[in-house]
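These notes concern the structure reproduced below.
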Amino acid sequence: MTLKNTARQTWIENVRTLFAHSLRVDISSKERLITPIFFALIILMLFSFAIPEPDVAMRSRMMVAESQLAIFFALQIAFSRTFESERIDRTFDHLRLSPISSSAFITSKILHVLFIGGGTMLCTGILSVILQGQNMGQMADPVVLGAAFLTLLGLTGLGVLLASITLNAEGHQILFPLLYFPLSVPVLLCSTEGLVHWLDTYKWDSTMRGWSVMLIAFDIIYLTLTILLGTEAVD
């Protein structure tokens with residue numbers, strides 16, 4: 001039991017150390033943090049100027065559609081650069097010579113991308129609410145927050161998985177979005193339909209439960225594949 005506890009503590013320490021390192025790299029390079037948010041702002045502003053003022057009944061639907069599309073493209077930029085810092089400081093060369101397991105590395109990367117993606121999603125949601133003139137209190141709705149977190153969780157798993165698989169592929173800048181676009185559709189579809197239904201009715205009925213179960217199922221699938229295949233790709 002002592003050896004197992006020691007190994008578990010070492011694994012957790014490795015995850016914590018790798019997560020802190022990735023976070024420091026991103027903070028030191030402000031451009032990596034600002035670019036996705038700036039790109040999301042451009043998309044939201046294009047929608048605001050190109051689409052006339054919607055009806056009151058359609059305003060919540062438009063906010064969900066614009067937010068999801070902006071988040072989709074903003075996170076795609078962030079996910080495609082998941083392992084960029086490791087390429088720059090040659091982290092993979094150090095990992096080959098260290099006792100750090102690949103599972104600890106992938107887990108730390110999932111947590112790191114989840115943290116950065118959460119900040120991007122939060123900023124995008126606030127910008128969307130402001131540009132649409134909606135009540136900021138909608139951001140604090142537990143169902144909206146839950147749907148946003150489940151969406152981010154699924155897209156994070158998919159993003160880290162594709163980034164690890166295409167890490168050494170030729171033309172990975174093109175291959176990544178080609179895979180990311182279609183595979184992210186189930187997560188975005190479940191999230192969008194669930195949010196639209198909730199903002200229209202504010203009722204937790206069978207429709208909401210159905211979309212929520214499907215969203216959770218895709219989250220589990222993508223995260224499981226990320227842990228299994230991502231570890232193999234890093235090895």
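The values are calculated or read from the model by the stated rules, or taken from the named source; none is laboratory data. Keep in mind the model is a prediction, meaning the values are calculated, not measured. A quick note on method: Cβ atoms are made from the backbone with ideal geometry, for glycine too, and the neighbour counts reach across all protein chains shown.
Structural remarks
- Qualifying residue in the stretch 90-109 (condition: touching a His at 6+ places or on another chain (Cβ under 9 Å) and modelled with pLDDT of 80 or more): yes
- For the stretch 192-212, the set of residues classified as hydrophobic (A, V, I, L, M, F, W, C), under 24 Å from A70 (Cα atoms) and at pLDDT 85 or above consists of L195, V196, W198, M208, W211, listed by residue number.
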